[in-house]
Number of protein chains: 2
Amino acid sequence: MRDPKIKKYNKDFDYSYAFGIYPTLDLLKLKPEKVLKVLIKQEAFGSDGVEEILEICKAKNIKYEIDDHLIEKLAIKENTYTVGIFEKYQTELTKDTNHVVLVEPRNMGNMGTIIRTMVGFGIKDLAIVRPAADIFDPLIVRSAMGAFFSINFKYYDSFQEYFAEFPEQTNYMFMLKGAKKLEEVELKQPFSLVFGNESTGLPYDFSEKGISVFIPHNNEIDSLNLSVAVGIALYKSSI
Amino acid sequence: MRDPKIKKYNKDFDYSYAFGIYPTLDLLKLKPEKVLKVLIKQEAFGSDGVEEILEICKAKNIKYEIDDHLIEKLAIKENTYTVGIFEKYQTELTKDTNHVVLVEPRNMGNMGTIIRTMVGFGIKDLAIVRPAADIFDPLIVRSAMGAFFSINFKYYDSFQEYFAEFPEQTNYMFMLKGAKKLEEVELKQPFSLVFGNESTGLPYDFSEKGISVFIPHNNEIDSLNLSVAVGIALYKSSI
């Protein structure tokens, strides 16, 4: 019998969904203890990815079900062949390592892209200052493209709360009116790259809480897209 | 009487829509000769942006109409207060200047973000190799956030066709298996930054058609998001 609780995602659920074969595989490999169940479409059987999913499920004693109808009901995109249903979890950030801090991020696509970029440049700790998007929204899980399950993240009610927990970090505040050009900054480890949200950026008083930095661009645009700005900062931090 | 042709965007139309006050203003300022009509919501009257729109319409003898219902029918997002309806146009790329070349781009959000980033870093010529997304799709116009009307763009059926028109460009081919790290490359002007599409990247034989370049990242992700990769390359080209 179908579990009656499985329906379209809502942020109040205590579980979420990883849609698609590769996100499901990443979930199974990186957070197997959190997987509640895997759904598979009949037609997907035989593909390499699904064979690997089945092997892991059997080896780790994880439930799986064939249910095309339920997948179609849940999925946010066509051609979703598997869904990993997983329990939400909390993580702690790592001390003495580099972080990204997003202050009041709202755009889910940006958050997923930022997670993917962070992982690619070797930064795995993400602090999020509320109010903010729900990181477990399947849109974020999906746009992180598998990187989602590799990161640590933690929500804070204010930047002060984050700073109190990690007083050793050197905070680089990215803002249009930053004092230093990114290319002139030597990042001092452990650092935190701190970004404001998509529409308003960081409040100006953040410049007093760290080293304020800007990415020079002309004034024909108001600002860079948030995930592009974070990507440039992460690239710079990696070279 | 309402113009019966005005309905939800379709790529076969010979006109498109700029949704929102700021995109409408950019359209009016940068491509006034292409504007067919401006639609305004009743409730938006009195705001600074709408006052400016009205001034330009009057000064340039551009038609405007109040039509809340039609805006709601056309818009892709809630809270759209104005729509600029404009005739599609063709542009030529500029010789002896730097270009971005996108080979078979499909994701509209990425294309809009790339246009915005290009303009911010002072590059205004975009070559697009087909098959590709329709650049006039209102989603692209919108995600370019006003930068859309500042650029020149031209579609090509192949990279060869582009290269035949601009043989003087030094082509930098961004690919995972590129020969040189981005940070080790001295870009020779006029250059073209060439990127493949979101899922497959550039075909490997592109490495023979220019200087192949990669942005180093670890193998925990398959690739960077396209708009992030282009953003990093544009940043590097600007410093």
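The values are calculated or read from the model by the stated rules, or taken from the named source; none is laboratory data. This structure is a prediction, so every number in the text was calculated from the model and none was measured. So basically every Cβ, Gly included, is an ideal-geometry build from the backbone, and we count neighbours across all protein chains shown. Remember, those area values only see protein heavy atoms, side chains included, never the ligands or the DNA or RNA. Shrake-Rupley method; radii C 1.70, N 1.55, O 1.52, S 1.80 Å.
One table, with the values for the structure above:
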quantity: Some residue of the range B:178-193 being surrounded by fewer than 19 Cβ atoms within 10 Å (Cβ to Cβ), touching a Gly at 6+ places or on another chain (Cβ under 8 Å) and not acidic (D, E); calculated: no
quantity: Test: residue in the range A:181-201 that is touching a Pro at 6+ places or on another chain (Cβ under 9 Å), away from chain B (no Cβ under 14 Å) and not hydroxyl-bearing (S, T, Y); calculated: yes
quantity: Among (1) under 22 Å from A:F148 (Cβ atoms); (2) open to solvent by 10 Å² or more (accessible area, probe 1.4 Å) - the single one A:E43 does not satisfy; calculated: (1)
quantity: Test: residue in the range A:55-67 that is out of contact with any strand residue (DSSP E or B) (no Cβ under 7 Å at 6 or more places or on another chain) and within 30 Å of A:V129 (Cβ to Cβ); calculated: no
quantity: Tally, over the range B:199-228, of residues that are among the aliphatic types (A, V, I, L, M) and over 25 Å from A:P23 (Cα atoms); calculated: 2
quantity: One residue from B:E168, B:E208 being open to solvent by 20 Å² or more (accessible area, probe 1.4 Å), of a type in the set (D, E), more than 13 Å from chain A (Cβ to nearest Cβ) and not in a loop (DSSP other than H, G, I, E, B); calculated: B:E208
quantity: Enumeration of residues in the range B:19-41 that are of a type in the set (A, V, I, L, M), over 17 Å from the mean Cα position of the chain (by Cα) and closer than 14 Å to B:Y81 by Cα; calculated: B:I21, B:V38, B:L39, B:I40
quantity: Selection count where residues are in contact (Cβ under 8 Å) with a residue 40 or more places away in the chain and touching an Asp or Glu at 6+ places or on another chain (Cβ under 6 Å), scope the range B:37-77; calculated: 2
quantity: Residue count for the range A:184-205, restricted to those that are in contact with a strand residue (DSSP E or B) (Cβ under 9 Å, 6 or more places away or on another chain), modelled with pLDDT under 95 and part of a loop (DSSP other than H, G, I, E, B); calculated: 1
quantity: Residue match in the range A:62-73 (condition: outside any strand (DSSP E or B), open to solvent by 10 Å² or more (accessible area, probe 1.4 Å) and within 21 Å of A:L202 (Cα to Cα)); calculated: no
quantity: Qualifying residue in the range A:211-228 (condition: outside any helix (DSSP H, G or I), touching a helix residue (DSSP H, G or I) at 6+ places or on another chain (Cβ under 9 Å), in contact (Cβ under 8 Å) with a residue 24 or more places away in the chain and more than 14 Å from chain B (Cβ to nearest Cβ)); calculated: yes
quantity: Within the range B:130-183, tally of residues that are at positive phi and hydrophobic (A, V, I, L, M, F, W, C); calculated: 1
quantity: Residue within the range B:216-225 that is over 20 Å from the mean Cα position of the chain (by Cα), open to solvent by 20 Å² or more (accessible area, probe 1.4 Å) and more than 27 Å from A:V141 (Cα to Cα) present; calculated: no
quantity: Residue in the range A:140-149 that is of a type in the set (A, V, I, L, M), assigned to a helix (DSSP H, G or I) and away from chain B (no Cβ under 14 Å) present; calculated: yes
quantity: Options A:Y22, A:Y17, A:Y9; residue that is among the hydroxyl-bearing types (S, T, Y) and in a strand (DSSP E or B); calculated: A:Y17
quantity: Any chance B:L126 is out of contact with any strand residue (DSSP E or B) (no Cβ under 6 Å at 6 or more places or on another chain) and within 22 Å of B:T24 (Cα to Cα); calculated: no
